[in-house]
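Heads up: the structure comes next, in structure tokens.
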Ligand SMILES: C[S@@+](CC[C@H](N)C(=O)[O-])C[C@H]1O[C@@H](n2cnc3c(N)ncnc32)[C@H](O)[C@@H]1O
């Protein structure tokens, strides 16, 4: 099923922090424009369900952008290749670790893109995590029969005809925005609390400095007539960070630790720096 009862298009990747379940909150806040820029595209839930003539979709993860450019240019070929790994013989712990190793050793963009989807659907909670050497290190997920999202890939490819994919740091993409562009930012969220668990298992390079860099950029772009919308947790820090923006607050049930069983309500916000 690629669409739910409200006719939303589902991303074909599982993605931590994916915005599919928050589209009703986000889409009404996006103003019209000639181009939507997403500096942190992830699985692309907002892109897939918004209506702009053009898109610039960026993410710092090269495997993700490699996959998207391949799906964009040859979706049917990609589906055939990626589907070959969705066979029960590959859904064992032994095969998972063998294919994970093959992915980590591979330099071939096509092979990497096919295995990336396999790892996304067979790995633990659809996590995407690399060690310090840049090797994918998510453990086996133990799913009965992982779903192969053929329809979702085709829907993505259809919509991707209007897209330029980029793999850079968010700042590089945002500073090139021109008047008439709208920017939707979904950065890694600031932590709700700094418990030992969080810092130990969810290390991220996206710290206070990056959050501040993003807010400063949004303020600067506003002076150039460009609107930036940012999603984040609702904390004292983010309220201060976005104090010059108009803010919508709400509660959302999401995974807040790296343990997917630990769902709880978290306060989120959407900040709008109107240009
Ligand atoms: C919360 S996820 C985005 C989820 C997305 N909105 C969705 O619906 O799936 C954050 C994304 O930011 C990307 N990211 C992290 N640091 C970044 C940076 N410095 N520049 C650009 N992207 C970055 C991550 O790779 C990740 O895909």
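Nothing in this text is a laboratory measurement; each read-out follows from the coordinates by a stated rule. What you are looking at is a predicted structure, and each value in this text was computed from that prediction instead of being measured. Every residue, glycine among them, receives a Cβ derived from its backbone with ideal geometry; neighbour counts consider all protein chains shown.
For residue 267 and residue 144 in the same chain, what is the full-extension length gain: residue separation times 0.36 nm, less their Cα-Cα distance, in nm? Please list the in-between numbers first.
Working: separation 123, 0.36 × 123 = 44.28 nm, distance 3.32 nm.
Length gained between residue 267 and residue 144: 41.0 nm.
For the chain, what's the relative contact order in percent, using C-alpha pairs closer than 8 Å and at least 6 residues apart?
For the chain, the relative contact order is 20 percent.
Only counting other Cβ atoms within 10 Å, I'd like 110, 38 sorted with the fewest neighbours first.
Ordered from fewest to most neighbouring Cβ atoms within 10 Å, 110, 38 come out as 110, 38.
Under a plain spin-label model, where a point goes 7 Å from the Cα along Cα-to-Cβ, how far apart in nm are residue 51 and residue 135?
4.9 nm
So how far apart, in nm, are the two label points at residue 77 and residue 169 if each is 7 Å from Cα heading toward Cβ?
Here the modelled spin labels are 3.5 nm apart.
With just the Cα atoms defining each centre, how far is region 91-165 from region 18-41? Give it in Å.
Cα centroid of region 91-165 versus Cα centroid of region 18-41: 25 Å apart.
Pairing the Cα long axis of helix 93-105 with the longest principal axis of the chain, what angle in degrees results, from 0 to 90 and rounded to the nearest 10?
It works out to around 60 degrees.
Using R₀ = 25 Å, calculate the FRET efficiency as 1/(1 + (r/R₀)^6) where r is the Cβ-Cβ separation of residue 212 and residue 247; round to 0.05. Kindly include the intermediate steps, with their values, before the conclusion.
Numbers: r = 17 Å, r/R0 = 0.67.
The calculated FRET efficiency here is 0.90.
Note the angle between two axes, namely the Cα long axis of helix 62-73 and the longest principal axis of the Cα atoms of the chain, as a number of degrees from 0 to 90, rounded to the nearest 10.
80 degrees
Most exposed first by the Cβ proxy, i.e. fewest other Cβ within 10 Å, how do 47, 12, 116 rank?
With the sparsest Cβ surroundings first, the list reads 116, 47, 12.
Once both labels are modelled 7 Å past Cα along the beta-carbon direction, what's the residue 151-residue 29 spacing in nm?
3.1 nm
Helix 208-223 against the longest principal axis of the chain: what's the angle in degrees, Cα atoms only, rounded to the nearest 10?
Tilt of helix 208-223: around 50 degrees.
By how many nm would the segment from residue 239 to residue 111 lengthen if fully extended, with 0.36 nm per residue of separation less the alpha-carbon distance? Numbers along the way, then the final one.
Values: separation 128, 0.36 × 128 = 46.08 nm, distance 4.35 nm.
Roughly 41.7 nm would be gained on extension.
So if each residue of separation counts as 0.36 nm, and I subtract the Cα-Cα distance between residue 219 and residue 92, what length gain in nm does that give?
40.8 nm
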